[in-house]
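**Q** Just passing along the structure, written as structure tokens.
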Amino acid sequence: IEKAALPRYKTCGGGIIGRTIQALPIDVRHVIEQDCHTAQLHVVSEGLSFTTHRSVPIVSMTMRDQFDYALLSAAQAAGAVLYQRCAVEEVSPKDDSVTVMTDKGAMMARFLVAADGALSQVARKVGMADGRVLIPALEYEVMLPQERLDRLRGVARFDFGILPHGYAWAFPKQQHLSIGILSMVQREHELKRAITQYLDLLGCGDLTRIDRHGFVIPIRPRTGPFMKNRVLVVGDAAGFADPVTGEGISGALRSGQLAAQSLIDGNLEEEAVQGKYTRSVTESLMPELRAGRLLARLLYDCPRLRSWAFLRQGQRLSEAVTDVMAGTRTYRDLA
């Protein structure tokens with residue numbers, strides 16, 4: 001059930017990291033605008049720069065309208081039925097089913113998977129406990145002359161020290177640059193000032209063709225459980241975004257796969273499905289999120305310690321985080 005008509009614009013940096021590409025059940029090469037085999041990490045406040053390279057892409061750049069539509073098309077080819085321009089108005093769990101009231105009428109199913117993002121209406125309507133921490137982020141789609149875009153090609157850039165408790169990024173796309181900034185503390189007004197400074201740092205401050213978007217990212221998961229009354233929450237609705245980078249696609253993909261496998265293994269029996277989903281999330285997702293929060297505290301809450309760490313071990317830290325993005329290491333390894 002989709003509120004919008006797809007394909008549609010989705011506010012997102014559009015960087016698909018290596019571990020996500022590896023886990024995708026379909027080939028999405030046709031919606032990748034360019035691959036970045038190089039990542040640059042800058043600690044602007046200290047004047048430090050580090051570069052990492054990999055033989056396989058560290059980040060693959062896409063636009064979410066095309067990426068999401070590729071996933072949807074594959075699901076439809078596998079037999080899924082899409083109801084688009086269909087808004088959910090109410091959710092009513094029963095003993096052995098869930099009724100979803102939409103603006104196009106009522107629908108009933110054995111289970112409902114809530115993949116409706118950080119502001120999940122479904123989770124709220126069924127009274128699911130929250131406990132997530134939502135942080136603000138801004139993204140600007142910046143139109144650049146082709147020669148300037150060519151100079152940025154193939155490099156994903158990450159900048160710390162642009163604002164005290166966050167970072168900025170610059171992702172090159174085929175015809176524009178996606179620039180974003182987030183803060184781990186909720187001060188949206190500071191983001192606008194910081195992203196203006198970041199545009200100047202990148203040499204884009206004189207441009208007028210900029211599309212501006214804002215959104216929120218959950219950097220801490222719900223207190224649980226992640227299933228209630230036959231409703232399973234996944235992705236940002238559950239709070240599974242990366243606590244270090246704010247990247248949400250990999251957590252959405254992984255939790256969606258765990259939810260699907262739990263429905264299959266639980267044979268669509270409520271108690272069995274809930275037990276399997278709870279165990280799989282607890283064992284495979286939660287330890288990595290907890291370890292990621294330790295690194296996030298170093299990067300965002302302890303600026304003096306961060307400066308000391310990057311002065312002493314900056315390249316090693318950059319290589320390690322690149323390995324996590326590439327899927328060859330985990331935050332638990334780093335911890």
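**Q** How big is the charge dipole of the stretch 114-231 about its Cα centre, in debye rounded to the nearest 20, if each Lys and Arg gets +1 on its Cβ and each Asp and Glu gets -1 on its Cβ? Walk me through the intermediate numbers first.
**A** Working: 17 positive and 12 negative charges, 121 e Å.
Here the stretch 114-231 has a charge dipole of around 580 debye.
**Q** Can you give the net charge of the other residues whose Cβ lies under 15 Å from the Cβ of His213, counting K and R as +1 and D and E as -1?
**A** On the way: positive: Arg8, Lys10, Arg64, Lys173, Lys192, Arg209, Arg212; negative: Asp65, Glu139, Glu141, Glu188, Asp211.
Summing Lys/Arg as +1 and Asp/Glu as -1 gives +2.
**Q** Could you work out the relative contact order of the stretch 137-206? I mean the mean sequence separation of Cα pairs under 8 Å and 6+ apart, divided by the number of residues, in percent.
**A** Numbers: 105 pairs, mean separation 23.1, N = 70.
So the answer I get is 33 percent.
**Q** Highest GNM mean-square fluctuation, the chain, Cα pairs closer than 10 Å: which of Gly15, Gly79, Gly224?
**A** Gly79
**Q** Here's another thing I want to ask about it. Identify which of Val81, Val244, Val98 has the largest mean-square fluctuation in a Gaussian network model of the chain, with springs joining Cα atoms closer than 10 Å.
**A** Highest fluctuation among the options: Val81.
**Q** Take the residue pairs Lys3/Lys192; Lys10/Lys94; Lys104/Lys276; Lys104/Lys125; Lys10/Lys192; Lys10/Lys228 and return only those whose Cα atoms are more than 26 Å apart.
**A** Lys3/Lys192; Lys10/Lys94; Lys104/Lys276; Lys10/Lys228
**Q** Once the piece of chain linking Arg329 and Gln66 is laid out straight, how much longer is it, given 0.36 nm per residue of separation minus the C-alpha distance between them? Working shown, then result.
**A** Working: separation 263, 0.36 × 263 = 94.68 nm, distance 2.87 nm.
Extending this stretch completely gives an extra 91.8 nm.
**Q** Per-residue ellipticity at 222 nm for the chain, helices alone: DSSP H runs ≥ 4 residues times -39500 (n - 2.57), over residue total, nearest 500 deg cm²/dmol?
**A** Details: 10 runs with 113 residues, N = 335.
My calculation for the chain gives -10500 deg cm²/dmol from helical runs alone.
**Q** Same structure again: Assigning unit charges at the beta carbon (Lys, Arg +1; Asp, Glu -1) and nothing else, what dipole magnitude in debye, to the nearest 20, does the stretch 1-86 show about its Cα centre? Provide the component values of the computation, followed by the final result.
**A** Numbers: 8 positive and 7 negative charges, 45 e Å.
Value, rounded to 20: 220 debye.
**Q** For the stretch 9-54, what value does the Rg/Rh ratio take when both radii are computed over Cα atoms and Rh is the Kirkwood radius, given to two decimals? Mind dumping the intermediate values first?
**A** Working: Rg = 14.2 Å, Rh = 13.2 Å.
On the Cα set of the stretch 9-54, Rg over Rh gives 1.08.
**Q** Also, I was wondering about something else. Can you give me the relative contact order of the chain as a percent, contacts being Cα pairs under 8 Å and 6 or more apart?
**A** Working: 631 pairs, mean separation 67.3, N = 335.
Once normalised by length, the contact order is 20 percent.
**Q** If you keep only loop residues by DSSP, which trypsin sites (Lys or Arg not before Pro) in the stretch 1-48 have at most 15 other Cβ atoms within 10 Å of their Cβ?
**A** Numbers: sites: Lys3, Arg8, Lys10, Arg19, Arg29; in loops: Lys3, Arg8, Lys10.
In loop regions of the stretch 1-48 (DSSP not H, G, I, E or B), the sparsely surrounded trypsin sites (Lys or Arg not before Pro) are Lys3, Arg8.
We did not get these values from a lab; they are worked out from the coordinates using the rules stated. The shown structure was predicted, so the numbers you read here are calculated from the model rather than taken from an experiment. Quick reminder, even Gly has a Cβ in these numbers, built from the backbone with ideal geometry, and neighbours come from all protein chains shown.
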